[in-house]
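What follows is a set of notes on a single structure, which appears directly below.
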Ligand SMILES: NC(=O)c1ccc[n+]([C@@H]2O[C@H](COP(=O)([O-])OP(=O)(O)OC[C@H]3O[C@@H](n4cnc5c(N)ncnc54)[C@H](OP(=O)(O)O)[C@@H]3O)[C@@H](O)[C@H]2O)c1
């Protein structure tokens, strides 16, 4: 079978090689992967940026894959050959809060990922694909969508009276716009260009701010709402957190998710205290949360925003395209 592998780590070393097809053991299934999607973290993982939480030597990248079961191992009762499934980001986090053991196995990070034709999954590490979605659409869900779902719905129970601020037009941000809109909340969305802001309007964002033209966008969002937003979904990190603290209302929440503008931020402690801000990190989510999100996606017939689909043979070009930041929504791979 064809497998994309970085050996040694580094985007420059990413190649497609032939490897033997794996076989499922007891409690496992073999999935013929049909599609994958890219996340910003794949760029970090391929370059070995996750330190001690990172597989060393070589890495099959990508966490998010969807396909169909082609073989079922012994003692597996809940799956059949032909079932359409999507993989979980964490191979061993079924439910409950995170702990070291539950977070230990991340696809395309600490263990090999889904950039390959066949992969064995534990029977608990997959879920059925919503009926209205194809493989490419389903492959957008394990990381970016679940992260947004946990921030907007699981941790903050956002509803019709709430206001939510999102940053940019990447995978997590667009799912956050979609879930907040689905819940009836008012969305203030930021982005770098007028074209991208128009796409956000099409997804239901009520207010749009170009953060390049308006570096004080946090204050602008605060003013737009009168008393600040209930939730900021912060995917920017270093250059966005200070403005996120300005945007949020007293007693509101900032979901700490990403680092697209840098990883280090000098925390201004007094504003956190004075505004009683709840800083809440998100680390994707567990299988139960994933299952709840898939049910909601099916019920609302929500469709992910897909920017471009590349063949597996062009994975490197796809990752470079993601790195360029030209995309709106998800960059996907057909396998
Ligand atoms: N904690 C978790 O569980 C978790 C899970 C998934 C992802 N993440 C992290 O979340 C971040 C986003 O991931 P992703 O996969 O959605 O990324 P992505 O698809 O690559 O999106 C990146 C987008 O961020 C926007 N951006 C760039 N610089 C910005 C800035 N200074 N301020 C505001 N927006 C900026 C750009 O959109 P515009 O041009 O429209 O501004 C860009 O297209 C990454 O840091 C990723 O590692 C964390």
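With R₀ fixed at 56 Å, the C-beta to C-beta distance from residue 242 to residue 77 puts the FRET efficiency at about 0.60.
Computed from the C-beta positions of residue 26 and residue 334 and an R0 of 22 Å, the FRET efficiency is 0.10 to the nearest 0.05.
Which whole-angstrom value gives the distance between the alpha carbon centres of segment 93-150 and segment 302-318? Using only Cα atoms, the two centres lie 17 Å from each other.
Taking each residue as 0.36 nm, the span from residue 299 to residue 120 lengthens on full extension beyond its C-alpha to C-alpha distance by 61.5 nm. Its DSSP H runs of at least 4 residues, each contributing -39,500 (n - 2.57), put the calculated 222 nm mean residue ellipticity of the chain at -6500 deg cm²/dmol, to the nearest 500.
With respect to the chain, whose longest principal axis is taken over its alpha-carbon atoms, helix 315-324 is tilted by about 10°. Reported to the nearest whole Å, the Cα centre-to-centre distance from segment 224-257 to segment 268-297 is 12. One decimal place: the segment residue 134-residue 276 gains 46.8 nm when fully extended, by the rule 0.36 nm per residue minus the C-alpha distance. The slack in the chain from residue 95 to residue 288, taken as 0.36 nm per residue of separation less the alpha-carbon distance, amounts to 68.9 nm. Applying 1/(1 + (r/R0)^6) with R0 = 25 Å to the Cβ-Cβ distance of residue 15 and residue 68 gives a FRET efficiency near 0.45.
Any read-out appearing in this document is the output of simple, stated calculations on the displayed coordinates, not a laboratory observation. If you're wondering where the values come from, they're calculated on a predicted model, not measured in any experiment. Cβ coordinates were reconstructed from backbone atoms using ideal geometry, including for glycine residues, and neighbour counts include every protein chain displayed.
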